[in-house]
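The values are calculated or read from the model by the stated rules, or taken from the named source; none is laboratory data. If you're wondering where the values come from, they're calculated on a predicted model, not measured in any experiment. When we count neighbours, we look across all protein chains shown, and the Cβ atoms used for this are built from the backbone with ideal geometry, even at glycine.
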Amino acid sequence: MHGRPRKAPKPEDEAASAAKAQKLRALQTQFFSFHHDQIYTKEAVELSAKLLEINPESYTAWNYRKLAVEHYLSQPECDPDSVKSVLDDELKVVESALRQNFKSYGAWHHRKWVLSKGHSSINHELRLLDKFQKADSRNFHAWNYRRFVAELMNRSEQDELKYTEDMIYTNFSNYSAWHNRSVLLSALLEKKAEGFLLKENVLPEEYEFIHQAIFTDPDDQSGWFYNLWLLDQTVTTDSPLLVSTWPTCGSDVLIMGDGCQNGSFSPFTTLLSDSGSFPIILYFNQPVEGVNSSTVTIECGFDKNGYLHWEPLSVSNSQAAQVWVAHLKFPTPELDSSVEVRVGHSKGIISTRGFQYCHPSTFSFNVHVQHVERDSFQVSVAESILWREENFKIYRAQSEESIPIASFDQLCIKNGHESTASNWRTEALAKEIECFRELLSLMDCKIGKLTLARLLMAYDAMSFPFATKLVHSEEVLELYNDLMKLDPTHHRYYKDEHSLVLLQKMTSSKESLLQHCFQYKDSVSSVIGNLICLRLNNLSLSRIGAFEKLLWVQMLDLSHNELQSIEGLEAMQLLSWLGLGNNKLGSVTALEPLRKLKSLRVLDISYNQIGDHSIDTTRYLCSSPLSHSVGSELNKDETAIIDAALVNYLEAFYMLKDLNLNQLDIVGNTIADETFKSALVKIMPTLKRLDGKVLD
Amino acid sequence: MEDIPPYPPIDPTTFDLIVIGTGLPESIIAAAASTASKSVLHLDPNPFYGSHFSSLPLADLPSFLSTHSTSPSPPRSRSSEDSNEFSVLDLCTRPLYSSIDISVFSPDLLDQNSRKFNLDVAGPRVFFCADKSIELILNTGANQYMEFKSIDATFVGDNKGNLLNVPDSRAAIFKDKSLGLMEKNQLMRFFKLVQGHMAGEQDVKISDEDLQSPFVDFLNKMGLPPKIKSFILYAIAMADYDQEDTGVCRDLLKTKDGIDQLALYNASIGRFQNASGALLYPIYGQGELSQAFCRRAAVKGCIYVLRMPVTALLVDKDSGCYKGVRLASGQDIFSQKLILDPTFKVTLPSGSSPPSPLQAKLPFFSQKDDRGKIARGICITMTSLKPDMSNFLVVYPPRSLFPEQATSIRLLQIASNLAVCPPGMFVLYISALCNDDDQGKKLIHAVVNILLTVPPINSESNAAVQSETAESGCAVQDENAESSSTGPSDPGEGKPTLLWSALYNQELTLGQDDFICSTPMPDGKLNYDDLIDAAVKLFKKIYPEDEFFPQTSSENPEDEDDGDGDGDVSLET
């Protein structure tokens, strides 16, 4: 079935197939006329059977047969015995069609349809399936149908699990069998069936089982797929967890607009805000739904009703997101107040896989709002900056200063009870790590290295609240470096992973983070000099991550990297200054995460590759082309302002229209000609500077 | 053979070829010669087909063995009379079996069923699904006279009575419970290396230097652990001698041959749809194979006469060349060529000196080769060695049972579903190469004692016991006692009880093609390939101009039976 070379047809074969086509055409013509006239006589029905035997792909014929059956069943003289015999005839037709092509969608579907009528014996079905699954053990049609039949006859998952085991023992290169195993185990675990009560008892055996396959033949991919599923089952906690927030627990946040520096406040927790509100950000370990004013409550001195509008931060327009934001308004220009946020004390936060958030947690922080003079404030926020090396100097932290990293740790420790409950996870990962180290000591194995890298990162992440840093990150980086050399085909993926690990490493400790913290100073600067600029430039990053530790960042320099995407950046709600110059962004649509950054004022996307390629390939990198949101929110008002000049830049229009940029640098992109620039000015009326030029 | 019934005379009296003995090599040559349009007379002194390759009823086996164990009967006087034209050289049999030891522990049970047994005289022996013998069977159409069944598994035995699975395929390695993960990985990588090498992949080519080196050195070089090495050498490549002791190893396997053997094994797995493993066994026993070729020969016009001993050779007085044979019936039959089975030995007429040309040739003919012997054992039990399995092979690698064990001991268990014994019984065939009778006995006993419960010999109820040497009987008892005191596995409990056993040593003779062509005795190999090679060689010797079973394309005029179509053997599932 698999791996058989195709033979060139011989002349006599060609003649035979021509004759077959001739016959088929004649049959088809006759059949269509019966179908058209709704003739369901014995002769007509038999003709369709003949047609299907030659060509099982004829959907129309299958549908015709369904109509014929329905027609017959609606006859008054129809008794139970004849119903059964009519349906049995259908099964026979399907069987002979399947013998012709056992991968015919139409035939399998028709069989399901007949079986669903509930008049046929199911016992025969398993025997039939055995035959087909013996002929091709990986035929996914048969496996699909098997699941259908098993459900119909109430066959126990345990029995089916045993069946997958038998199939795997016959030949373990069987994606379908492994897949079905994962489906069955999920069902059993969910049901909490006897012997499947706890993952920690079930998974070790499965690990043991899959190791046999992986070690026997590490080049076979099917086993690795199952291993990946097991790894996911081990790492992912059922119940979602809150991993990070802004403001962090116990922090003192200064919200200000002018340049006066208040010595007692750390620049890490000083926020410039011009909207009379500040964001509260919740960062979960997996996408959740149901974050709203009843599941997350606020207690503070200045907002008595405690109602907050929580917004999911996801690029697709789904109602589930890993990051949620709400904006808390402060009514007076000056304020000193503490705020308490209670997450999940009433039920309703639920993961996309259907698990409740069940670790109610509370965090509180103090807010100090400083008097803001309207005029100077606007100037300061709008202040232009020059992304020049000489304008940045390394930040020297005061010894007592609270760095967001530290408070992040505290938050995690509060979830400690979860950590002890998941000791088995850590143990399982440790075992796996040992196992694959051994495999790699024997042989060079790409997927083995990749798995080890994933395991080590998962292990570090799991033990993070207790360990002060990521102990394995150097080793993981080395593994990805190796993989890039070993497997150039997947270089981009390894590079992405390498970037993510690098970011995790840099953000994992206060010391390493401070090495990237700078303060901006130029000849005319004022207020922004008090802020921290996180500089992650020149690191050849191809992807960014570790957002949960970067929620506090307002000024971010990512220039001189190899970014093709800035996916996930929408989580950094405080960003006002963003440097993306000298990267590899290839299209305007790559900027989509920026649409969610309401406080972004200064953006540098100079010297990227926007407009280099006429076809925007990033569109096809998202989960489904249909899920892409561009153009889905067109409203009448907007249609009105799209004039001839903008028609050519519809994508730019959708991406940028919601941004409140004051300064944009776009020079050095193919797209950035004069017409485009003049379109930009129309799209973003707030723009003050474009490529260093002050606009009127 | 005292009362030979009177025979009608054979007509015609002249043939191209006379073949004496219906053992496998003789039968193949008879079939090949008939196919090459030679007139062939095929004789056998026995009333059954197969000679030393036959499968016999229980009651007949001891007498067959003992007939061939006695010293040659004195030449019959009447056949030594020289006629005018010929010298008459008396043929006598030479002893081929020695140290025969039949033990009956359950006479009633076995007597009732004697005819239901088909016991292989030259067991254990099997086919590899992809070996030469299967090819030959398919090419010649002999497959239409036989049916096969797959041997379920191969095990390696240890000195504690455990049977370890031999992970001989990808699926078996995956499934194996006794191998560690690392061992699985190493073994599978080695298999892949061999497969890659056989497929001619450039990057996995094994160097010529390695190919010429001893296989065991190559395995060491590949870093394979001792357990896996032993599996590969003795349970897959089926090496006979201890490969790691050059002192006792008479046949050091070269890497090239080892790889070929592995490739054969690999090609055997999955060759036939119904055969799960690499090995096949014929239903009704291996005697079927000789018979199938005889039937093939008969279809092509070969004349068969069983129960017809040959008493003498007729030799041209002047040239010393072979002319014909004298039958026990007294008839003289003439032929161009003669093939003898290895039973025979020529004795010179007493007192008379042979014709001078013959004298020069005879030393070769009666030459005794020094190939040692093969110890064989047949045991019958009521329970399987493995509760859930009926037909399987067990290999005891050298030194696995006792330190001086220099050769592999192989055991084949066959159940009633292969029609070799009554339902509910099992036949175990055991063999090992040895230098002499004592060594042979020790090897077979070691296996019997570790796997079976041997009931005490009760001399009253066992009138049939023909224990030749008192010592060997004692040895059984002794070693049994020893293993029960030291072995961790509970002896007696769970071990099948021995009902009947026949232990014997067999001479190993090579085929000869000098003065007279004679075929070899069953060798010590597990399959038939070397015997088939010997048969081909003999055929080429006598008929250098003729093709050995010419390929008859697809049309097979002799397919008078339904003909399963070529390329497949009939396998019962």
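Yes/no matrix, rows are residues, columns are (1) within 14 Å of another protein chain (Cβ to nearest Cβ); (2) within 32 Å of the chain's Cα centre (by Cα); (3) under 20 Å from A:Tyr169 (Cα atoms):
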| residue | (1), (2), (3) |
| --- | --- |
| B:Lys160 | no, yes, no |
| B:Ala172 | yes, yes, yes |
| B:Phe190 | yes, yes, no |
| B:Gly196 | yes, no, no |
| B:Ser213 | no, yes, no |
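Each row is one residue, and each column tells you yes or no for (1) over 30 Å from A:Arg99 (Cα atoms); (2) of a type outside the set (A, V, I, L, M, F, W, C).
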{"site": "A:Arg138", "(1), (2)": "no, yes"}
{"site": "A:Tyr145", "(1), (2)": "no, yes"}
{"site": "A:Glu151", "(1), (2)": "no, yes"}
{"site": "A:Ile168", "(1), (2)": "no, no"}
{"site": "A:Leu185", "(1), (2)": "yes, no"}
{"site": "A:Lys191", "(1), (2)": "yes, yes"}
{"site": "A:Leu198", "(1), (2)": "yes, no"}
{"site": "A:Glu208", "(1), (2)": "yes, yes"}
{"site": "A:Thr216", "(1), (2)": "yes, yes"}
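Sort through A:Leu308, A:Leu335 and tell me the only one that's crowded, with 18+ Cβ neighbours inside 10 Å and either in contact with a Leu (Cβ under 9 Å, 6 or more places away or on another chain) or hydrophobic (A, V, I, L, M, F, W, C) (or both).
Matching residue, one of A:Leu308, A:Leu335: A:Leu308.
Suppose we filter A:Ser17, A:Ser121, A:Ser33, A:Ser82 for residues that are surrounded by fewer than 19 Cβ atoms within 10 Å (Cβ to Cβ), out of contact with any helix residue (DSSP H, G or I) (no Cβ under 7 Å at 6 or more places or on another chain) and not in a helix (DSSP H, G or I); which single one remains?
Details: A:Ser17 fails: not in a helix (DSSP H, G or I); A:Ser33 fails: not in a helix (DSSP H, G or I); A:Ser82 fails: not in a helix (DSSP H, G or I).
That would be A:Ser121, the only listed residue that is surrounded by fewer than 19 Cβ atoms within 10 Å (Cβ to Cβ), out of contact with any helix residue (DSSP H, G or I) (no Cβ under 7 Å at 6 or more places or on another chain) and not in a helix (DSSP H, G or I).
A quick yes/no check of all residues on (1) more than 26 Å from the chain's Cα centre (by Cα); (2) within 14 Å of chain A (Cβ to nearest Cβ); (3) over 30 Å from B:Glu507 (Cβ atoms):
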residue: B:Phe105; (1), (2), (3): yes, no, no
residue: B:Asn113; (1), (2), (3): no, no, yes
residue: B:Pro124; (1), (2), (3): no, no, no
residue: B:Pro167; (1), (2), (3): no, yes, yes
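The residues in the range B:315-329 that are in contact (Cβ under 8 Å) with a residue 40 or more places away in the chain and more than 16 Å from B:Asp16 (Cβ to Cβ) can be counted, and the count is 8. Considering only residues of the range A:420-459 that are touching a His at 6+ places or on another chain (Cβ under 8 Å) and not hydroxyl-bearing (Ser, Thr, Tyr), which is farthest from A:Val501 (Cα to Cα)? The extreme case among them is A:Cys435.
When you scan the range A:594-607, do you find a residue that is modelled with pLDDT under 60, of a type outside the set (Ser, Thr, Tyr) and under 18 Å from A:Ser316 (Cα atoms), even just one? Within the range A:594-607, not a single residue is modelled with pLDDT under 60, of a type outside the set (Ser, Thr, Tyr) and under 18 Å from A:Ser316 (Cα atoms). Scanning the range B:268-277 for residues that are touching a Cys at 6+ places or on another chain (Cβ under 7 Å), basic (Lys, Arg) and in contact (Cβ under 8 Å) with a residue 12 or more places away in the chain turns up at least one hit.
Of B:Ser207, B:Ser213, B:Ser178, all but one fail to be closer than 25 Å to A:Phe215 by Cβ, surrounded by fewer than 22 Cβ atoms within 10 Å (Cβ to Cβ) and among the small types (Gly, Ala, Ser); the exception is B:Ser178.
I need a count of the residues in the range B:175-188 that are within 10 Å of another protein chain (Cβ to nearest Cβ) and either over 27 Å from B:Lys256 (Cα atoms) or among the charged types (D, E, K, R) (or both). Result for the range B:175-188: 7. Looking only at residues in the range A:168-206 that are within 26 Å of B:Arg170 (Cα to Cα), of a type in the set (S, T, N, Q) and more than 14 Å from chain B (Cβ to nearest Cβ), the one that is surrounded by the most Cβ atoms within 10 Å (Cβ to Cβ) is A:Asn180.
Where helices (runs of 4 or more DSSP H) fall wholly inside the range A:471-531, the ranges with 2 or more residues that are modelled with pLDDT under 85 are A:510-514.
Mind checking whether some residue in the range A:571-580 is closer than 20 Å to A:Lys495 by Cβ and surrounded by fewer than 22 Cβ atoms within 10 Å (Cβ to Cβ)? Scanning the range A:571-580, I find no residue that is closer than 20 Å to A:Lys495 by Cβ and surrounded by fewer than 22 Cβ atoms within 10 Å (Cβ to Cβ), so the answer is no. Selection within the range B:92-146: residues that are of a type in the set (Asp, Glu) and surrounded by 18 or more Cβ atoms within 10 Å (Cβ to Cβ). The member of this set that is nearest to B:Ser518 (Cα to Cα) is B:Asp120. Of the residues making up the range A:565-586, those that are free of Cβ contacts under 8 Å to residues at least 60 places away in the same chain and at negative phi are A:Ser565, A:Ile566, A:Leu569, A:Met572, A:Leu575, A:Leu578, A:Leu580, A:Asn583, A:Lys584, A:Leu585, A:Gly586. Candidates are the residues of the range A:549-560 that are touching a residue at least 40 places away in the same chain (Cβ under 8 Å) and in a loop (DSSP other than H, G, I, E, B); the one that is farthest from A:Pro267 (Cα to Cα) is A:Ser559. Examine the range B:233-246 for a residue that is modelled with pLDDT under 90 and within 14 Å of chain A (Cβ to nearest Cβ), and state whether such a residue exists. There is no residue in the range B:233-246 that is modelled with pLDDT under 90 and within 14 Å of chain A (Cβ to nearest Cβ). The set of residues from the range B:176-220 being among the charged types (D, E, K, R) and either closer than 24 Å to B:Ala239 by Cβ or at pLDDT 90 or above (or both) comprises B:Asp176, B:Glu183, B:Lys184, B:Arg189, B:Lys192, B:Lys205, B:Asp208, B:Glu209, B:Asp210, B:Asp217.
Here A:Asp238 fulfils each of the conditions (1) outside any helix (DSSP H, G or I); (2) surrounded by fewer than 17 Cβ atoms within 10 Å (Cβ to Cβ); (3) of a type outside the set (A, V, I, L, M); (4) within 14 Å of chain B (Cβ to nearest Cβ) apart from (4). Of all the criteria given as (1) under 27 Å from B:Leu571 (Cα atoms); (2) within 14 Å of chain A (Cβ to nearest Cβ); (3) among the acidic types (Asp, Glu), the one not satisfied by B:Asp203 is (1).
Answer yes if at least one residue in the range B:297-306 is in contact with a helix residue (DSSP H, G or I) (Cβ under 7 Å, 6 or more places away or on another chain) and among the hydrophobic types (A, V, I, L, M, F, W, C), and no otherwise. Yes, the range B:297-306 contains at least one residue that is in contact with a helix residue (DSSP H, G or I) (Cβ under 7 Å, 6 or more places away or on another chain) and among the hydrophobic types (A, V, I, L, M, F, W, C). Every condition in (1) under 22 Å from B:Asp11 (Cα atoms); (2) surrounded by fewer than 18 Cβ atoms within 10 Å (Cβ to Cβ); (3) not hydrophobic (A, V, I, L, M, F, W, C) is met by B:Thr70 except one, and the failing one is (1). Listed by position, the strands (runs of 3 or more DSSP E) inside the range B:140-257 whose residues that are over 30 Å from B:Phe549 (Cα atoms) and among the aliphatic types (A, V, I, L, M) number at least 1 are B:153-157, B:163-165. Considering the range A:207-235, the residues that are polar (S, T, N, Q) and within 14 Å of chain B (Cβ to nearest Cβ) include one that is nearest to A:Leu455 (Cα to Cα), namely A:Asn227.
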